[in-house]
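Q: My structure is below; once you've seen it, I'll send some questions.
The values are calculated or read from the model by the stated rules, or taken from the named source; none is laboratory data. Values in this document were obtained by computation on a predicted structure and should not be read as measured data. We place every Cβ from the backbone using ideal geometry, glycine too, and count neighbours over all the protein chains shown. Just the protein is used for accessible areas: all its heavy atoms, side chains included, with ligands, DNA and RNA removed. Shrake-Rupley method; radii C 1.70, N 1.55, O 1.52, S 1.80 Å.
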Amino acid sequence: MTLRRTLARFIALPLLLSAGLLQAQDAKPLQVEKAVARATVGKQANGAAYLQIANKGADDVLLSASSPVAAKVEIHTMAMEGDVMKMRALPQVELKAGQKLDMKPGSGVHLMLMGLKKPLAVGDKFALTLVFRKAGKLEATVEVADPGMPTKKNDGGDMHHHHHHD
Ligand SMILES: [Cu+2]
């Protein structure tokens, strides 16, 4: 191996790494395949977003999320308590190697957009930053869809209007 080639390799590697961080959405191992938020109604303070994240790499953990459209983004799940469906915040969500996290409405897990800065209207797009333990930051673009999307019956969507968050 020539000295020049060796040097080139040492220089190229950090460049590739930083390019990878800048283009996190296109890079493996974690890919956001779908990101949809529910349009809000009236002066609704909180919104909900649903993502599909495919993990094509090693086991990882979703630690947090944030967005410029909300004061705070929480990871939520829904569960029956007696005969009442309740939401609670999760500290994190595991995403095993090869797993696809599918937050489709009704599945329970969703991202709660707490303290919306303005209403979310159908067709709007906004940025969402996800933070994973290993993969680091992942930028996603969320599209706002009809509030009735897509399975209005069983998704507990009304919970978002009546449930209280502290
Ligand atoms: Cu919620």
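Q: Being on the phi > 0 side of the Ramachandran plot and touching a strand residue (DSSP E or B) at 6+ places or on another chain (Cβ under 8 Å) is the filter here; which residues of the range 105-128 pass it?
A: Across the range 105-128, the qualifying residues are Gly108, Gly115, Gly123.
For (1) farther than 20 Å from Lys96 by Cα; (2) open to solvent by 30 Å² or more (accessible area, probe 1.4 Å); (3) at pLDDT below 95, each residue gets a yes or a no:
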residue: Val131; (1), (2), (3): no, yes, no
residue: Ala140; (1), (2), (3): no, no, no
residue: Gly148; (1), (2), (3): yes, no, yes
residue: Gly157; (1), (2), (3): yes, no, yes
residue: His160; (1), (2), (3): yes, no, yes
residue: His165; (1), (2), (3): yes, yes, yes
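Q: Suppose we filter the range 72-128 for residues that are within 15 Å of the ligand (Cβ to nearest atom), among the polar types (S, T, N, Q) and open to solvent by 50 Å² or more (accessible area, probe 1.4 Å); how many remain?
A: Of the residues in that region, 1 qualify.
Q: To continue, here is another question. How many residues does the range 46-71 contain that are of a type in the set (D, E, K, R) and within 16 Å of the ligand (Cβ to nearest atom)?
A: 0
Q: Something else: For the range 69-96, which positions are touching a Gly at 6+ places or on another chain (Cβ under 9 Å) and in contact (Cβ under 8 Å) with a residue 60 or more places away in the chain?
A: If the condition is that a residue be touching a Gly at 6+ places or on another chain (Cβ under 9 Å) and in contact (Cβ under 8 Å) with a residue 60 or more places away in the chain, then Met78, Met85, Met87 are the ones that fit.
Q: Any residue in the range 46-66 that's closer than 16 Å to Ala97 by Cβ and among the small types (Gly, Ala, Ser): show its pairings with residues that are in a strand (DSSP E or B) and open to solvent by 30 Å² or more (accessible area, probe 1.4 Å) at Cβ separation under 8 Å, as long as the two are six or more apart or on different chains.
A: Ala54/Gln31; Ala54/Glu33; Ala54/Lys100
Q: Take Lys34 and decide whether it is more than 13 Å from the ligand (Cβ to nearest atom) and either surrounded by 13 or more Cβ atoms within 10 Å (Cβ to Cβ) or in a strand (DSSP E or B) (or both).
A: For Lys34, the condition - more than 13 Å from the ligand (Cβ to nearest atom) and either surrounded by 13 or more Cβ atoms within 10 Å (Cβ to Cβ) or in a strand (DSSP E or B) (or both) - is met.
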